[in-house]
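As structure tokens, the structure follows; a few thoughts come after it.
The values are calculated or read from the model by the stated rules, or taken from the named source; none is laboratory data. Keep in mind it's a predicted model, so treat the numbers as computed, not measured. All Cβ positions, glycine included, derive from the backbone under ideal geometry; neighbour counts span all protein chains shown.
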Amino acid sequence: MTHRRSPAVDTAAASSSGASETAVARAALSDLSNRANLDDAQVAVINTAQKALAAGNAARAARLAGHLDRDVRNAIQGYTVSKGETLWQIAAKPEVYGNGYLWPLIWDANRTALSDPSRLPENLELKIRPYPTLAETAAALDYSHKHGLTGAANGS
């Protein structure tokens, strides 16, 4: 015997799915709006997802924003420390953060391998999280300014 779902059940399931996709898209877009260092291509994906959501295509918006959000959250860049480099110098590099005061972001991502931010062993492999949240960025700037430590061995 075959059981068929009534059209009302199918409509309710589709409505629930649409609401879920809308929630997923909104959550991902909210998280992405709080990330720093996104490039033009990533911003274009966000804009496309926002337009899809506004047009009622929650499934497409959730897919686009969800994939980008996951990629941004999980992104890690490797960086090999050269002799004499400091966290300040590394953070200041345009390909890292472009701002030396953001060195605490690097320290935070590497605390298990780096107990003292002013002592970087040559050839140490650092993990760089390229898309910190705005809150993480603000906390790093606050820490850097309050403590006056720049990651340099002499504390300058």
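Some observations on this one:
The rows are residues; the columns are (1) in a strand (DSSP E or B); (2) modelled with pLDDT under 95; (3) surrounded by 11 or more Cβ atoms within 10 Å (Cβ to Cβ).
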residue: R4; (1), (2), (3): no, yes, no
residue: V9; (1), (2), (3): no, yes, no
residue: E21; (1), (2), (3): no, yes, yes
residue: N37; (1), (2), (3): no, yes, yes
residue: A52; (1), (2), (3): no, no, yes
residue: R60; (1), (2), (3): no, no, yes
residue: A65; (1), (2), (3): no, no, yes
residue: V72; (1), (2), (3): no, no, yes
residue: W88; (1), (2), (3): no, yes, yes
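- Within the range 110-128, the set of residues being surrounded by 11 or more Cβ atoms within 10 Å (Cβ to Cβ) and in a loop (DSSP other than H, G, I, E, B) comprises N110, A113, L114, P117, S118, R119, L120, L124.
- Scan of the range 41-84 for residues that are among the β-branched types (V, I, T) and closer than 28 Å to L120 by Cβ, ordered by number: V72, I76, T80, V81
- Of the residues examined, A41 is not one that is modelled with pLDDT of 95 or more and either surrounded by 17 or more Cβ atoms within 10 Å (Cβ to Cβ) or assigned to a loop (DSSP other than H, G, I, E, B) (or both).
- Selected residue (only one of A58, A54, A92 is touching a helix residue (DSSP H, G or I) at 6+ places or on another chain (Cβ under 6 Å), of a type in the set (G, A, S) and over 15 Å from I128 (Cβ atoms)): A58
- When Y131 is tested against the conditions (1) in a helix (DSSP H, G or I); (2) surrounded by 12 or more Cβ atoms within 10 Å (Cβ to Cβ); (3) at pLDDT 95 or above, the lone failure is (1).
- Candidate set: the range 134-155, residues that are modelled with pLDDT of 90 or more and of a type in the set (A, V, I, L, M, F, W, C); chosen: the one farthest from the chain's Cα centre (by Cα): L141
- Some residue of the range 100-109 being outside any helix (DSSP H, G or I), buried (at least 17 other Cβ atoms within 10 Å of the Cβ), outside the structural domain of A27 (by TED's automatic domain parsing) and touching a residue at least 40 places away in the same chain (Cβ under 8 Å): no
- Members of the range 90-99 that are without any contact (Cβ under 8 Å) to a residue 12 or more places away in the chain and not in a loop (DSSP other than H, G, I, E, B): A92
- Only one of the listed residues (T86, T112) is over 30 Å from E21 (Cβ atoms), touching a residue at least 12 places away in the same chain (Cβ under 8 Å), more than 17 Å from the chain's Cα centre (by Cα) and not assigned by TED's automatic domain parsing to the domain that holds A25. That residue is T86.
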